[in-house]
Structures are given as C-alpha cells and as structure tokens.
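Novice: Pasting a structure below so you can have a look.
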Amino acid sequence: MLGTMQNTPVEDSTGRQFTYLRLSITDACNFRCVYCLPDGSHSCSSAALSSGETEHLVTALTELGIQKIRLTGGEPTLRHDLIDLATRIRKVSGVEKLGITTNGYRLRELARPLRDAGIEGLNVSVDTLSQKRFFVLTGHDLLNQVLEGIETAQSLRFPSIKINTVLMKNYNISELDAFFSLAKSTGFCVRFIELMRTQSNKEFFDQQYISSELVTRKLEEEGWKRGSYHYAGGPAHEYTHPIHPGTIGIITPYSKDFCLSCNRLRVTSRGELRLCLFGNRNYPLRQLLKTPDQKPELQAFIIRLLKHKPASHLLSEGSYGNTTNLAAFGG
Ligand code: SAM
Ligand code: SF4
C-alpha cells in the first residue's frame, strides 16, 4: 500500500519504502570520464531547477518520507549557487542528512562552506591514484588537487567521507593494494563500483567491465569481514577489518538482489522523476514546482507514479533503459 500520512515513507507496489533522494542539480560536468562523458558535457546548466523549485520539491518529498538527500550531477560543484542551495535544502523540515557526490576538483575551496552548509556525507569519485592515469581517465591533470581537497575535508571532520572507485579491467585493477591502503591510512570508506553499461558506453563496457569478485576474494584473503547489510546504509556491502581502520564497500548493480533493497528516488536536474536507474522514462515534475500551493497535487502525482516503479532492472536480459550516461541524473 502507498503511505499518505505525513512523513510516513511512501511505498511502491512491492512494499519498498523510499527514504532517500538522489537529486541532480546540474547535468553539466567539467570532467570527461571515459565511461561517462568521454566527449565532454554539452549540457546547459541553466536548464536546472532553480533553488525555489528545488525547495518546493524537497518540502513535498520530505512529507512523503524522504529523510536523506544526496546532491549529485553532472558535477554539482559547477552550480554557482551550490552553498546557498545546500543551506536551503538542509533547513527543510524532515531533511535529516544531506550529502554530495563530487569529482572533487573544487573541494579545496568548497570543503569548509559545504560543511558549514550542513553537508555531512561527502563522496568523492577517484578512479585511480596514479597521476598519469587520472589524466587519461578524466581528461584533467588534477589528481593532486582532488586529493588535497579530500585532505581539507578530512581536517574539517565530515562525519562520512567515501571514495567511489569504478572498477575497470585495464585501468585500476592493478591498484587494489593502493586503494586498500588508502582506506586503512585514512579511515575512509573506499567503495568499488562495478562498471555499468549505458546507451553510450557499450564498447568501453565490453572491454573494461570486471566483476567485483576479485575484490571480494582479496578482502577475504586479507581478513576483512563482511558486515551485516542494511538497505538504509546504501547499496554497498561493506567490509571491516579487526585491526585496520577504514572500510571497503562493494556495489554490484548486476547482482540479483540489488533492486530488492532499493530505497531511493532520483530526480534529474530538470525536475524529472526517474523511478529506476536503468528505466526507460523520466516523469516531468517541473510544472508542479512553481508555487508551494501545488504541493498536494505534486505529492499525489508522485504517489501515483510509484505504482509504476519496476520491481527490478532488466540488465541481465540486456536491457539498459534509456540512460545515455549517468551524468544525466547522477548515478
Ligand atoms: N560528477 C560527480 C562524480 O563523478 O562524483 C557526480 C555524478 S557521477 C554520475 C556519480 C557517480 O557515478 C560517480 O561515482 C561515477 O564514478 C559513477 N558513474 C558514472 N558513470 C558510471 C558507470 N557507467 N558505471 C558505474 N559508475 C558510474
Ligand atoms: Fe563528470 Fe562524474 Fe560523469 Fe566523471 S562520472 S564525467 S565527473 S559526471
């Protein structure tokens, strides 16, 4: 049944409850990650929801049970009003946690204002710890700048800092030791994400996809223990070590049970609800975000749409949805 009481999480037809929103605030990006935007971004960030529209959306969604929000993109730090936007979202009643996922290139200067704005969860994407490879993978020679930004964030004691690393056969499998050392020396959570197939990366995917089994084997050999999984903690299965600080997470979108624990809604920077990462449709909400008095209509619309959320993606059957790249709505 679908919940309608204020702040009771809405459920879809399979009983999954939605407490987490991934909110893209721009689809533009300055990086050219090989698996995401190898030719760069041609998006226009001005098409994104305004801060007023965003506030209306977040207010409506928190009353439907959303408690945790992650700002993403494209590259969210390209938004000139990022700090103001984050501050406004954090103040909406019902928002219990606010996080951001970034490529980290502006983190040196933004870590403090982001922390002051109430951001607690900082996820930084770092696919390689080799300066040379970083340039090949992103089109920018900025690894040191990104790492300095992470150090700044660490000094500011963000409650959660995670490093996202997409596994690629010929690029970073040779760096597992280095990433494990990073987790141990910093106490961060390093999360390995299996490469996902999109409409635009078929050839790259065919060449570079590698399952995370190799990582799991290494974790077991080195004495890391798999923690008990709770969906509220996100899609990663996390491992801890009896001696070392830090955790290692694994995100396996192709696994059978990936969708069972789905607790997230996604909204694109242009204000479209996306029910599944690998779905075929976006549902425009923007026409219902103009004024606060549209809230009941907006909420009823979202509750209706959730009935159509598919029980599972169809990746194993070769259907990747209409996702051109994950920059379109933030992964
Ligand atoms: N630009 C920001 C960043 O890179 O962190 C936020 C947006 S990005 C789309 C969010 C996450 O999705 C990043 O960790 C990125 O590595 C991941 N991602 C993008 N395309 C992917 C793909 N095809 N497979 C797996 N992860 C992907
Ligand atoms: Fe940009 Fe993030 Fe995509 Fe890389 S993964 S191109 S940083 S949106």
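Novice: Suppose the filter is touching a helix residue (DSSP H, G or I) at 6+ places or on another chain (Cβ under 9 Å) and among the β-branched types (Val, Ile, Thr); does Thr216 pass it?
Specialist: Answer is no for this residue.
Novice: Specify which of the listed residues (Gly118, Gly73) is in contact with a Cys (Cβ under 7 Å, 6 or more places away or on another chain) and either at pLDDT below 95 or closer than 30 Å to Asp293 by Cα (or both).
Specialist: Gly73
Novice: Can you tell me which residue within the stretch 68-89, out of those that are part of a loop (DSSP other than H, G, I, E, B), surrounded by fewer than 22 Cβ atoms within 10 Å (Cβ to Cβ) and of a type outside the set (Asp, Glu), is farthest from the chain's Cα centre (by Cα)?
Specialist: The residue in question is His80.
Novice: I'd like to verify a number: residues in the stretch 114-132 that are within 22 Å of Ser181 (Cα to Cα) and buried (at least 17 other Cβ atoms within 10 Å of the Cβ), how many?
Specialist: 9
Novice: Take the residues in the stretch 238-264 that are within 16 Å of ligand 1 (Cβ to nearest atom) and of a type in the set (S, T, N, Q); name whichever of them is farthest from Phe179 (Cα to Cα).
Specialist: Filtering the stretch 238-264 for residues that are within 16 Å of ligand 1 (Cβ to nearest atom) and of a type in the set (S, T, N, Q), the one farthest from Phe179 (Cα to Cα) comes out as Ser255.
Novice: Among the residues in the stretch 107-125, are any touching a residue at least 24 places away in the same chain (Cβ under 8 Å), in contact with a Lys or Arg (Cβ under 8 Å, 6 or more places away or on another chain), within 14 Å of ligand 2 (Cβ to nearest atom) and of a type outside the set (Val, Ile, Thr)?
Specialist: Yes: one or more hits.
The values are calculated or read from the model by the stated rules, or taken from the named source; none is laboratory data. Quick caveat, the model's predicted, so the values are computed rather than measured. When we count neighbours, we look across all protein chains shown, and the Cβ atoms used for this are built from the backbone with ideal geometry, even at glycine.
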